[in-house]
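Worksheet: one structure, shown below.
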Amino acid sequence: MSDPVSQLKSKVDLLEFTVADQAKKLQDKDSLLQSCYQVIADLNQQLKLAKARQFGRSAESFADPNAPTQDHLFDEAEILELMGDLAGLVQTAAEAAASDDETKVQVPAHERTIHRGKRQPLPAYLARVETVYELSPEELIGPNGECFEPIGFETYEQLNVIPQEIYVLLHKRMKYAVKGLEELGVRTARMPFQIIPKSIASAGLLAHIAQAKYQHHLPLYRQEQIWKELEIDLPRASPSRWMLEVGQKLQPLIDLIFKSIKSTGYVHADETAVTVLKNKKSGVDSYKGYMWVYTNDQGSIYDFRTSRAGRHPQEMLSDFEGYLQVDGYAGYNAPCSNPKIIEVGCMAHVRRKFTDIQKAAGKGAKLPVVEQVLKQIQALYKIESEAKEHDLSPEEIYKIRQEQAKPILEKLALYLQDIKPKTPPKGLLGKAVTYALNHWIVVSRYIDDGRLDIDNNAAERCVKPFAVGRKNWLFSGTAESAKASGNIFSLIESAKIHDLKIFDYLSYVFEQLPMADTEEKLAALLPIKAKEHLPKIKQSENKNPIQKDPA
C-alpha cells in the first residue's frame, strides 16, 4: 500500500499539470480569438472601403481636421448686424408666442447676387447668317408726323447647328486618246492614293468614325443606327473592317511617335485590362489582354499585348535609356532591371493607400497616424503646385525640392519606420505603411531631377479615356483589332497633347499617309509637326461668311 503523502503529492502534480494544460489551451483559444477578431476587423475595413469606392467620392483630397475654419473670413460688422437681426427675430417670435391672437412676423428681405460666370464670345471664324429686323413704315411715323430714320442697330448672337453635312465625292478620271491612232492606247488621269483603295470611305468619313468611337466612345452599332436615321446604309461590319485596316497602316507612324517619346529620356508607363473575344490558338471564347500605355509630352502610345507579363514592357523599352515612372506593379521589375533604366515611383499610390483608410473608417473617424502622413504628403504636393504656378525651370525645381521636399521626405520615412512595428501588418494601415516603405527609394527619387513628376498621374490620365471607352464598346473582337484600336487611340491622345483638333488631324493623316513613302514625309505627320499645317482652330473656308436672311 503506497504512502498517503505520496498519493497526495501525485494528485497535486496531476492537478498542476491539468491546470497548466488548460491554461495553455485557454491561451491558444484567446490567441485564436484575437486572430479571428483581427480578421473580422480587416474584412470589415475592406467591406467599408469597397462600399466607399462603389458609392462614395473618388477624390483623394485631404482636409486637415486641425486646420482653422473659414469663419474668420466674414466681416466683423456684418456678423454683428446679422446677430442683431437674429436677436430681433427671436424677440418678435417670443412675443407672438405669448399672445393669444395670431401675429404675423415680417422677415426682412435681402438680395443675393448669383454669379453665372462671364459668357465667352462665339468664335470669330464661324460664319454669320444675318437676320435684319426693321420697323414697318407706319411705326416710323411720330405723333405729329415726324419721320424716324435709321441711326444704327443692336446685335444679338445665337449659336445654331446644322446636323452632319454629308455629301458624295465624285471622282472623275479623264481619259485621253488620239483619234485615228488606236495603237497609241488610252491615257487615264491618276487620282491621289487612298488609305483604303477601292472603298467608299473617304479620309473624312474614316476620321469621323474613328473620332466617334475612340474619342467620344460611341460603339459602331450605335453609329450604324445614326447612319440609318440619315437614310444611309452603313452596316457596322464595314466600319469595323475599315478601322482594322487603318489601324494597321498607322503602325509606321506609331513607331515614329514612340521613338520620339523614348528620345526624351523620361517615360510614364501604366497598363489596363481589355477583354478580347477570340483566341484561335487556345480555343477559348474570350480572354483578358492588356493595353500598355507609354506617355510623355511628345505623345502617348497604347500597345496591346495578350498578358500582363513584364516581358512586354521590357521588349518595348529594350533600347530606352533614362527614367521610367511607374506604379508598384512587379511587372515593371523586368524593364527596370536594365541598368540604363532608372525606376521612379508614384507618390499618388502611396497617398491612395492612406486615403482608402479614411474612406473605410467613414466621416468623423479619428485617425491621427493617417492624418499625419497625409498632411506631410499634402505639403509635398503644395511644393509641386507652387513650382508649377511660378513656371519654374527644371533646375529651379530641383533646387526647391532639395531645400523643401527632401527634409519632409526624410521626416516622413522615419515616422513610417517608427509606426510599422506597432501596426497590425494585415490591416489597411499596416498594408499602407508596408507599401510606402517598400517603395520609398523609388517614390522619393523624383527630387533627384527637376524634370520628374511627383507621381505617375500622367499615365493614369491616359488610361482613363480608354477605360471610359471600354465601358461602352466592352471588348475587342480579335488581338489584331485590339492592336489596331491601340494605334488609333495613340494617334488621338497624342494629338490631344499637342492641342490639335482631332478630326482635322485624323483627316490630314489619313489623306497624307498613303503618299508618305519616306521617313521625312512620315515625320511630317507627327502631331508636333502637324501643328505647322493645322491650326488649333481651323478657319472657315467659306468665302462669303456673311449671308443675309431678311425677317
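Which one is nearest to G328 (Cα to Cα) among residues in the stretch 296-315 that are touching a residue at least 40 places away in the same chain (Cβ under 8 Å) and assigned to a loop (DSSP other than H, G, I, E, B)? Please lay out each step first, then the result.
Filtering the stretch 296-315 for residues touching a residue at least 40 places away in the same chain (Cβ under 8 Å) gives 296-304, 306, 313.
Checking the rest, the ones that are also assigned to a loop (DSSP other than H, G, I, E, B) come to 297-298, 306.
Values: D297: 23, Q298: 24, T306: 21 Å.
My answer is T306.
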Looking only at the stretch 436-456, filter to residues that are farther than 16 Å from R401 by Cβ and outside any helix (DSSP H, G or I); which one of those is least open to solvent (accessible area, probe 1.4 Å)? N456
Taking interchain pairs and intrachain pairs at least six residues apart, which have beta carbon atoms under 7 angstrom, with the first residue in the stretch 374-397 and surrounded by 14 or more Cβ atoms within 10 Å (Cβ to Cβ) and the second of a type in the set (G, A, S)? L380/A405; I383/A405; I397/A387; I397/G450
Would you pick out the residues in the stretch 205-242 that are more than 23 Å from the chain's Cα centre (by Cα), of a type in the set (F, W, Y) and under 23 Å from Q194 (Cβ atoms)? W227, W242
Would you confirm whether or not the stretch 196-204 contains a residue that is in contact (Cβ under 8 Å) with a residue 24 or more places away in the chain and either of a type in the set (S, T, N, Q) or touching a Gly at 6+ places or on another chain (Cβ under 9 Å) (or both)? yes
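How many residues, within the stretch 192-216, are open to solvent by 30 Å² or more (accessible area, probe 1.4 Å) and either more than 16 Å from Q164 (Cα to Cα) or among the charged types (D, E, K, R) (or both)? Walk me through it before giving the result.
Let us first name the residues in the stretch 192-216 that are open to solvent by 30 Å² or more (accessible area, probe 1.4 Å), namely 192-194, 197-200, 202, 205, 208, 211, 213, 215-216.
Among the residues that remain, those that are also either more than 16 Å from Q164 (Cα to Cα) or among the charged types (D, E, K, R) (or both) are: 192-194, 197-200, 213, 215.
Residues that pass the stated criteria total 9.
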Of all residues in the stretch 518-543, how many are more than 26 Å from the chain's Cα centre (by Cα), at pLDDT 90 or above and assigned to a loop (DSSP other than H, G, I, E, B)? 2
Which numbered condition in (1) modelled with pLDDT of 95 or more; (2) open to solvent by 40 Å² or more (accessible area, probe 1.4 Å) is the only one that A330 fails? (1)
Report, by residue number, each residue of the stretch 293-325 that is closer than 18 Å to G345 by Cβ, under 15 Å from the mean Cα position of the chain (by Cα) and either open to solvent by 10 Å² or more (accessible area, probe 1.4 Å) or not polar (S, T, N, Q) (or both). V293, Y294, N296
Matching residues in the stretch 466-501 (within 30 Å of V350 (Cα to Cα) and surrounded by 23 or more Cβ atoms within 10 Å (Cβ to Cβ)) number 5
Mind listing whichever residues of the stretch 477-519 are touching a helix residue (DSSP H, G or I) at 6+ places or on another chain (Cβ under 6 Å) and farther than 21 Å from I195 by Cβ? H498
Can you tell me how many residues in the stretch 407-425 are surrounded by 13 or more Cβ atoms within 10 Å (Cβ to Cβ) and basic (K, R)? 1
Failed condition for A269, given (1) closer than 24 Å to V442 by Cα; (2) at pLDDT 95 or above; (3) surrounded by fewer than 22 Cβ atoms within 10 Å (Cβ to Cβ), with all others met? (3)
Taking interchain pairs and intrachain pairs at least six residues apart, which have beta carbon atoms under 7 angstrom, with the first residue in the stretch 339-359 and without any contact (Cβ under 8 Å) to a residue 24 or more places away in the chain and the second acidic (D, E) and open to solvent by 10 Å² or more (accessible area, probe 1.4 Å)? K340/E321
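Looking at the structure I just gave you, is I546 modelled with pLDDT under 90 and either among the aliphatic types (A, V, I, L, M) or open to solvent by less than 80 Å² (accessible area, probe 1.4 Å) (or both)?
Details: modelled with pLDDT under 90: yes; either among the aliphatic types (A, V, I, L, M) or open to solvent by less than 80 Å² (accessible area, probe 1.4 Å) (or both): yes.
It is true that I546 is modelled with pLDDT under 90 and either among the aliphatic types (A, V, I, L, M) or open to solvent by less than 80 Å² (accessible area, probe 1.4 Å) (or both).
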Could you list all residues from the stretch 341-380 that are more than 20 Å from I397 (Cα to Cα) and β-branched (V, I, T)? I341, V350, T355, I357, V369, V370, V373
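Within the stretch 175-187, is there a residue that is assigned to a loop (DSSP other than H, G, I, E, B), in contact with a Lys or Arg (Cβ under 6 Å, 6 or more places away or on another chain), over 25 Å from L513 (Cα atoms) and not polar (S, T, N, Q)? Don't jump to the end; show me each part of the working.
At the first step, the residues of the stretch 175-187 found to be assigned to a loop (DSSP other than H, G, I, E, B) are 177-181, 185-186.
If we keep only those that are in contact with a Lys or Arg (Cβ under 6 Å, 6 or more places away or on another chain) as well, we get 186.
Then keep just the ones that are over 25 Å from L513 (Cα atoms); that gives 186.
From the residues that got through so far, the ones that are not polar (S, T, N, Q) too are 186.
Yes - at least one qualifying residue is present in the stretch 175-187.
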Could you list all residues from the stretch 246-261 that are open to solvent by 30 Å² or more (accessible area, probe 1.4 Å) and free of Cβ contacts under 8 Å to residues at least 60 places away in the same chain? D255, K259
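Tell me which helices (runs of 4 or more DSSP H) are completely within the stretch 339-432 and hold 2 or more residues being under 30 Å from S318 (Cα atoms) and at pLDDT 95 or above, or say none if there are none.
347-361, 394-400
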V463 is checked against (1) buried (at least 16 other Cβ atoms within 10 Å of the Cβ); (2) among the β-branched types (V, I, T); (3) out of contact with any strand residue (DSSP E or B) (no Cβ under 8 Å at 6 or more places or on another chain) and fails just one. What number does that condition carry? (3)
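Every residue in the stretch 450-471 that is within 30 Å of R222 (Cα to Cα) and in contact (Cβ under 8 Å) with a residue 24 or more places away in the chain, please. Working first, answer last.
Within the stretch 450-471, the subset within 30 Å of R222 (Cα to Cα) is 459-471.
Residues satisfying the conditions are A459, E460, C462, V463, P465, F466, A467, V468, G469, R470, K471.
Condition first: touching a residue at least 40 places away in the same chain (Cβ under 8 Å) and farther than 19 Å from C346 by Cβ. Can you find one or more residues in the stretch 402-409 that meet it?
Filtering the stretch 402-409 for residues touching a residue at least 40 places away in the same chain (Cβ under 8 Å) gives 402, 405-406.
Still in the running and farther than 19 Å from C346 by Cβ: 402.
The answer is yes, given that some residue of the stretch 402-409 is touching a residue at least 40 places away in the same chain (Cβ under 8 Å) and farther than 19 Å from C346 by Cβ.
The values are calculated or read from the model by the stated rules, or taken from the named source; none is laboratory data. In this text, all values refer to a predicted model and were calculated from it rather than measured experimentally. Note that each Cβ is placed from the backbone with ideal geometry, even for glycine, and that neighbours are counted across all protein chains shown. Ligands, DNA and RNA are excluded from the accessible area calculation, which covers all protein heavy atoms including side chains. Shrake-Rupley method; radii C 1.70, N 1.55, O 1.52, S 1.80 Å.
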